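The values are calculated or read from the model by the stated rules, or taken from the named source; none is laboratory data. From a predicted model like this one, the values you see are computed outputs, not experimental measurements. So basically every Cβ, Gly included, is an ideal-geometry build from the backbone, and we count neighbours across all protein chains shown.
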Amino acid sequence: MEANVKGEVWTLAELRDGKLHPVSFELLAWGRDVADALGVPLASVVLGDLPPDPEPLFQQGADKVYLAGDAALKHFLTDAWVGVLDGMVREYAPQIFIASATTQGRSTMSMLYAKLGTGLTADCTGLSVKEGALLQTRPAIGGNVMADIMTPEHRPQMCTVRPKSKRPLSPDPSRRGEVVRYAPKRDALTSVLTFLGFNAESRVGLPIQDAEVVISGGKGMKGVKNFALLEELARLLGGSVGASRSAVDLGWAPHSSQVGLSGKSVTPRLYIACGISGAVQHLAGMSGAETVAAINTDPEAPIFGTADFGVVGSVLDILPRLIADLKKGEVKR
C-alpha cells in the first residue's frame with residue numbers, strides 16, 4: 001500500500017476469555033508516543049465475538065476504537081483474523097500498525113504484512129519517529145547489537161513489541177473517544193482451521209510475564225529434579241518459575257518459562273536468578289525487574305553486575321535454607 005501521511009497509528013488489542021489482556025494497554029503506551037510525534041490519532045483495534053467495553057482503552061490512551069465483532073471471531077483462528085484485518089487496513093489506511101510479540105500478535109502480523117505487501121519488524125525494543133517515518137529498534141546478532149529499521153516506501157509500517165517492555169499509561173477517566181463498529185465480510189471470516197479446545201499449561205503461579213515475583217533457574221540447578229526447589233520457593237513468595245535458555249534446552253523447564261531475547265521479557269517487582277550466569281540475552285529479558293537477587297557459585301558471573309543483592313554459593317545449599325526460614329516465618333516477605 002502507498003504511504004498515507006495522515007493515516008492513524010493502530011495497535012492490536014488482545015482478548016482473553018472476552019476480557020482485554022494487559023498487552024492491549026502496553027501497546028497504547030507505545031502508540032501514544034508515536035501518534036503524538038506524528039500529530040495523528042491513536043486507535044486500538046479489537047476483534048472478538050462480543051467486543052468489550054472500549055472505555056478502558058480510551059482512558060489509557062486511545063483516541064478511537066475499532067470494534068470488529070462476529071461469532072466467527074470467538075476463538076483465535078489466524079487466517080480469519082488476518083482476513084478481517086486485511087479488509088480493515090485497506091479501507092481505513094493506517095500508516096502504522098503495532099502489535100505485541102505474543103503468539104497472537106506474531107502469527108497475525110507475519111501473515112498480514114505478506115498479504116499487504118509491506119514490511120514487518122519483529123520484537124522491537126524501541127519505537128520513535130524520524131523524518132516522519134517510524135524508526136524501529138530491535139536486538140540483532142544474538143542481542144550483541146541494536147539495529148534501526150525503517151520501511152520508507154510501503155504502508156502501513158508494521159512491527160511487534162515485546163510484552164512487558166513498556167508500562168501502560170495511567171488511566172484518565174475523563175478521556176473519551178470515537179467508536180467505529182466494523183462488520184467483517186463473510187468471505188474474510190472463512191478459516192481452514194477448526195478450534196478443538198484449550199488446555200491450560202500446568203504451572204506454579206501466573207505466566208511469568210504477568211508475575212510480580214519470578215524465581216528463575218539455570219544450569220546451576222544441576223538437573224530437572226532440583227527445579228522443585230524453585231517451585232516451592234515460588235509458592236511461598238506468591239511468584240512464578242522462570243528459566244534460562246540453557247535450562248530450557250536441557251529439558252528442565254518448558255519454553256513458556258524461558259526468560260530472554262528468545263523467550264519472554266519480564267518486569268516483576270522481584271527477580272531471583274538461581275544458578276544463572278547472566279548471558280546478555282538473558283539479561284535483556286529481565287532488565288525491567290525492579291529488584292534483582294542472584295545466587296551463583298562464580299563471584300565473577302555477569303549476573304552480579306545487574307543484581308541489587310548477590311549471594312556467592314551453591315543454590316542447592318542456599319535454597320533449602322531459605323525455604324526452611326520462610327516456612328518458619330524467619331524471613332519477612
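See the values below:
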read-out: Test result for ASP63, free of Cβ contacts under 8 Å to residues at least 12 places away in the same chain, surrounded by fewer than 22 Cβ atoms within 10 Å (Cβ to Cβ) and not hydroxyl-bearing (Ser, Thr, Tyr); value: no
read-out: Total residues in region 230-261, condition part of a loop (DSSP other than H, G, I, E, B) and surrounded by fewer than 18 Cβ atoms within 10 Å (Cβ to Cβ); value: 4
read-out: Residue among VAL89, VAL46 that is over 27 Å from GLY197 (Cβ atoms), aliphatic (A, V, I, L, M) and out of contact with any Ser or Thr (no Cβ under 6 Å at 6 or more places or on another chain); value: VAL89
read-out: Residue match in region 321-333 (condition: closer than 16 Å to VAL214 by Cβ, outside any strand (DSSP E or B) and not assigned by TED's automatic domain parsing to the domain that holds VAL214); value: yes
read-out: Options SER257, SER202, SER170, SER240: the member that is modelled with pLDDT under 95, within 27 Å of LYS64 (Cα to Cα) and under 21 Å from the mean Cα position of the chain (by Cα); value: SER170
read-out: Any hit, region 2-13, residues being in a helix (DSSP H, G or I) and touching a Gly at 6+ places or on another chain (Cβ under 7 Å); value: no
read-out: Region 285-333, residues that are more than 26 Å from LYS225 (Cβ to Cβ) and hydroxyl-bearing (Ser, Thr, Tyr); value: SER287, THR291, THR306
read-out: When residues of region 33-55 are limited to those that are surrounded by fewer than 19 Cβ atoms within 10 Å (Cβ to Cβ) and under 22 Å from the mean Cα position of the chain (by Cα), the one nearest to SER107 (Cα to Cα); value: PRO52
read-out: Filtered residues of region 85-119 (kept if in contact with a helix residue (DSSP H, G or I) (Cβ under 7 Å, 6 or more places away or on another chain) and either surrounded by fewer than 22 Cβ atoms within 10 Å (Cβ to Cβ) or of a type outside the set (A, V, I, L, M, F, W, C) (or both)); value: ASP86, GLY87, SER100, THR102, SER107, THR108, MET111, LYS115, LEU116, GLY119
read-out: Qualifying residues in region 270-282 (those that are within 24 Å of CYS124 (Cα to Cα) and touching a helix residue (DSSP H, G or I) at 6+ places or on another chain (Cβ under 6 Å)) - the one surrounded by the fewest Cβ atoms within 10 Å (Cβ to Cβ); value: GLY278
read-out: Selection count where residues are closer than 20 Å to GLY7 by Cβ and either not assigned by TED's automatic domain parsing to the domain that holds SER170 or not in a strand (DSSP E or B) (or both), scope region 59-86; value: 7
read-out: Some residue of region 288-308 being touching a Pro at 6+ places or on another chain (Cβ under 7 Å), in a loop (DSSP other than H, G, I, E, B), at pLDDT 90 or above and surrounded by fewer than 22 Cβ atoms within 10 Å (Cβ to Cβ); value: no
read-out: Residue match in region 270-280 (condition: part of a helix (DSSP H, G or I) and either touching a residue at least 60 places away in the same chain (Cβ under 8 Å) or assigned by TED's automatic domain parsing to the domain that holds THR125 (or both)); value: yes
read-out: Residue satisfying all of: in region 12-21; surrounded by fewer than 19 Cβ atoms within 10 Å (Cβ to Cβ) and either modelled with pLDDT of 90 or more or at positive phi (or both); nearest to the chain's Cα centre (by Cα) among these; value: HIS21
